[in-house]
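Engineer: Here it is, the structure, as structure tokens.
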Amino acid sequence: LHLLEFGCSMQILSCLKTQVSYLFSNMETLQRRLDDITAKWTPCGCETGRQATSHVGRPILDSTGKVVAHAVDIPPDQPEFAECSRPFNGTGLRPVVAARIQNLKLARRYAMQAVEIGEARGQDKVNEAVDQFHCTSCVNIDDIYRDGLDQRLAKEGFFGRGIYTTSSPGKANKYWVPRQYSAYEIRYALRCRVIAGRKLVLPKKTACTRLCREPKHHDSVEGNIDGFDELVCYNSDRVLVTHIVGYVDPTTWRVRLPTSNPKTLSADEQKALVKQQQQLLTSHQQQLQRAQTQHQAAVLEHQTLLQKLVKSSQTTSLSVPSTVSAASDRYPDLTEEEIDATLSDDEERDVDQPLDAVEEYIARHNERLEPLLQDPLSGDDGTPAAKRASLS
């Protein structure tokens, strides 16, 4: 019995030794990955548990008022800013500001996921991507600083409900939702670290919209719909937001001065805007001259037509007495009133019909001429000058 108890105790001690060594090895791996994440962080007393009198950057508070993260601005002359801006080269996008996100709680969760993937797949198959970008439609960006990207709030895309990231900022820019609708709006892209693990690589232009978690025996999905690779994770702890980069998209600029911060424009940009405005003004003046020319030509044409109609009516009115004189030759003993009474209805119709047609024609063209006689720029009916001129 004592030998049995001694043997059981040795087995228990052996298991404890294995668990302790395993725990310490995991702790070393975890600490190593955590140190790699926080290597460029600016230390703050609140992250070590001490009460800090001042914080680095802008502190992010939770619902209880406790500081859980920091947003630290990165000056443009720092190497870290150049590192964040390098993926934007060749995309046409221009980075202008950047900040580092320091959230120790989310960093620990991310490091734990890396350790778990390393245990399941092998430490050399964690497959971590450090330069992934994500544009969000979240209005309050502090929610992402505090809680990270949440897969549960994701919309259904080509690869289901997941957190979509890409190595191309140009691709991420397509998902940006404008906030200010101004010509020089600063857009923001989140720079992330992503634990891809074992990826399911789909063929190009192949979608799988029903996914709500990673496929069996895989940790993420990689697809390509429009020429850009997209990496999709279905676990929020496997995506860590490390930086936020503010940039401008010159392709959305319009021919108008910015309403938010005109001081950010350089002298060359201001000259370019003035030149574009002058070209636009010249184009409007040319259109106005063409409309006025058409208006004058239409008025002149209708005046000429009226003159012809007046002459025609006079000629027709002169032909009426000749008809009466022809009737007097036929009836020499009758007076003029008696001749009018003697003329048949057909003869009266022959006399009156040309006069009625001319009067109706003149009235119709007077109605068409009336709007054209107005000023081409200030019509009472609001008709554009080009449209009124086309009435001819």
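One line per residue, one yes/no per condition, for (1) of a type outside the set (Lys, Arg); (2) within 23 Å of Gly122 (Cα to Cα):
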| site | (1), (2) |
| --- | --- |
| Cys192 | yes, yes |
| Arg198 | no, yes |
| Ala207 | yes, no |
| Gly227 | yes, no |
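Engineer: Hey, another quick one. Look through the range 231-251, keep the residues that are at pLDDT below 90 and either small (Gly, Ala, Ser) or open to solvent by 40 Å² or more (accessible area, probe 1.4 Å) (or both), and return whichever of them is nearest to the chain's Cα centre (by Cα).
Structural biologist: Thr251
Engineer: Residues that are surrounded by fewer than 18 Cβ atoms within 10 Å (Cβ to Cβ) and among the small types (Gly, Ala, Ser): which helices (runs of 4 or more DSSP H) entirely in the range 89-187 hold 1 or more of them?
Structural biologist: The helices (runs of 4 or more DSSP H) meeting that bar are 104-121, 169-173.
Engineer: Mind checking which residues of the range 209-230 are assigned to a loop (DSSP other than H, G, I, E, B) and open to solvent by 50 Å² or more (accessible area, probe 1.4 Å)?
Structural biologist: Hits for the range 209-230 are Thr209, Arg210, Cys212, Arg213, Lys216, His217, Asp226, Gly227, Phe228.
Engineer: From the list Arg146, Arg187, Arg121, Arg152, which residue is at pLDDT 90 or above and charged (D, E, K, R)?
Structural biologist: Sole residue among the options that is at pLDDT 90 or above and charged (D, E, K, R): Arg146.
Engineer: Return the total of residues in the range 63-97 being in contact (Cβ under 8 Å) with a residue 40 or more places away in the chain, out of contact with any His (no Cβ under 6 Å at 6 or more places or on another chain) and under 18 Å from Val248 (Cβ atoms). Break it down into steps so the answer makes sense when it comes.
Structural biologist: Just the residues of the range 63-97 that are in contact (Cβ under 8 Å) with a residue 40 or more places away in the chain, to begin with: 68-69, 71, 74, 80, 84-85, 87-88, 91-97.
Next, from what is left, pick out any that are out of contact with any His (no Cβ under 6 Å at 6 or more places or on another chain): 68-69, 71, 74, 80, 85, 87-88, 91-97.
Adding the requirement that they be under 18 Å from Val248 (Cβ atoms) leaves 74, 85, 87-88, 91-97.
Residues meeting the conditions: 11.
Engineer: Inside the range 74-88, can you point out the residues that are exposed (fewer than 13 other Cβ atoms within 10 Å of the Cβ) and outside any loop (DSSP other than H, G, I, E, B)?
Structural biologist: Within the range 74-88, Pro79, Arg86 meet the criteria.
The values are calculated or read from the model by the stated rules, or taken from the named source; none is laboratory data. Given the structure is predicted, the values throughout are model-derived calculations rather than measurements. Positions of Cβ are backbone-derived with ideal geometry, glycine not excepted, and every protein chain shown enters the neighbour counts. SASA here: full protein model, heavy atoms, side chains in, ligands and nucleic acids out. Shrake-Rupley method; radii C 1.70, N 1.55, O 1.52, S 1.80 Å.
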